[in-house]
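Read the structure below first, then the notes.
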Amino acid sequence: MGIPLKHKVRERLLKGWRVRRLQSAGVSVGRGVSVTGAPIISMEPNSTISVADSVALVSLSEWTALGVSRPVILRTLLPNATISIGAETGMSGTTVCAAYRITIGARVLIGADVMIADTDFHEVDQIPRRHLPIPAPSERDAVSIGDDVFVGARSIVLKGSSIGNGSVIAAGSVVTGDIPAGVVAGGVPARVLRPVRPE
């Protein structure tokens, strides 16, 4: 994948400025964070977004094999919501929307255009729902992704889901519950397909 020299130079020049933009938006940023392209950051009052050391946020198609259809989006939807991204995690065109709590572990690989949310955004069991506020969150809505997980491109991780350490989620899957550690899971909804077989 050849990246034109002018793009490399531009991104190198803008790297520090983009990290400072994250900080000015209220994001807690660790050391060595890499920001390629311009992510979208939106934070409600008294909410928190933390990005640990050596995280990579890629929002430009030139910098990832599959390309991305949108920039990285990190968004808290309600006061006191939290998003925590562990060290050395990489995400490309990923959307993370938290009304309560989303925790992403260390060394997680998140493929192109993955969406992670801990809310339905609208009421499911009330009609009409058009002008109702976002549903009140609870502990059971929290999303947890363990260390060393690989979430394949265009997958969706929905509220109340957890993915155990070292697991793989196949591209295009929809995670709706608990995926144990050390497995390959996929499908709609995602189910365990086999164990991970380390060499």
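The values are calculated or read from the model by the stated rules, or taken from the named source; none is laboratory data. Because the structure is a prediction, the values reported are computed rather than measured. So basically every Cβ, Gly included, is an ideal-geometry build from the backbone, and we count neighbours across all protein chains shown.
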Result of the Cβ filter at 7 Å on the range 56-78, keeping first residues that are within 12 Å of residue 114 (Cα to Cα) and touching a residue at least 40 places away in the same chain (Cβ under 8 Å) and partners that are polar (S, T, N, Q) and crowded, with 20+ Cβ neighbours inside 10 Å, at least 6 apart or interchain, is 68/59; 68/92
Residue 105 vs (1) surrounded by fewer than 19 Cβ atoms within 10 Å (Cβ to Cβ); (2) within 17 Å of the chain's Cα centre (by Cα); (3) touching a residue at least 60 places away in the same chain (Cβ under 8 Å): all pass except (1)
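Got at least one residue in the range 79-86 being small (Gly, Ala, Ser), surrounded by fewer than 19 Cβ atoms within 10 Å (Cβ to Cβ) and modelled with pLDDT under 95? Lay out the reasoning, then the answer.
Taking the range 79-86 as the starting set, the residues that turn out to be small (Gly, Ala, Ser) are 81, 84, 86.
Keeping just the survivors that are surrounded by fewer than 19 Cβ atoms within 10 Å (Cβ to Cβ) gives 84.
Add one more test, that the residue is modelled with pLDDT under 95, and what stays is none.
Within the range 79-86, not a single residue is small (Gly, Ala, Ser), surrounded by fewer than 19 Cβ atoms within 10 Å (Cβ to Cβ) and modelled with pLDDT under 95.
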Taking the range 66-111 and keeping only residues that are among the small types (Gly, Ala, Ser), over 21 Å from residue 18 (Cα atoms) and in contact with a Gly (Cβ under 8 Å, 6 or more places away or on another chain), one is left with 105, 106, 111
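Which of the residues that make up the range 142-182 are in a loop (DSSP other than H, G, I, E, B), of a type in the set (A, V, I, L, M, F, W, C) and surrounded by fewer than 18 Cβ atoms within 10 Å (Cβ to Cβ)? Please lay out each step first, then the result.
Our first condition is that a residue be in a loop (DSSP other than H, G, I, E, B); within the range 142-182, this holds for 142, 146-149, 152-155, 158-161, 164-167, 170-173, 176-177, 180-182.
Remaining after also requiring of a type in the set (A, V, I, L, M, F, W, C): 142, 149, 153, 158, 170-171, 181.
Listed by number, the residues that qualify are 170, 171, 181.
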All-but-one check, residue 93 against (1) of a type outside the set (S, T, N, Q); (2) surrounded by fewer than 19 Cβ atoms within 10 Å (Cβ to Cβ); (3) within 19 Å of residue 153 (Cα to Cα), failing number (2)
Scanning the range 108-154 residue by residue, the ones that are more than 14 Å from residue 174 (Cα to Cα) and touching a residue at least 60 places away in the same chain (Cβ under 8 Å) total 1
Looking at residue 107, is it touching a His at 6+ places or on another chain (Cβ under 8 Å), of a type in the set (D, E, K, R) and part of a loop (DSSP other than H, G, I, E, B)?
no
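For residue 135, state whether it is more than 15 Å from residue 108 (Cα to Cα), assigned to a loop (DSSP other than H, G, I, E, B) and touching a strand residue (DSSP E or B) at 6+ places or on another chain (Cβ under 7 Å). Before the answer, list the steps.
On the way: more than 15 Å from residue 108 (Cα to Cα): yes; assigned to a loop (DSSP other than H, G, I, E, B): yes; touching a strand residue (DSSP E or B) at 6+ places or on another chain (Cβ under 7 Å): no.
Judged against the criteria, residue 135 is not a match.
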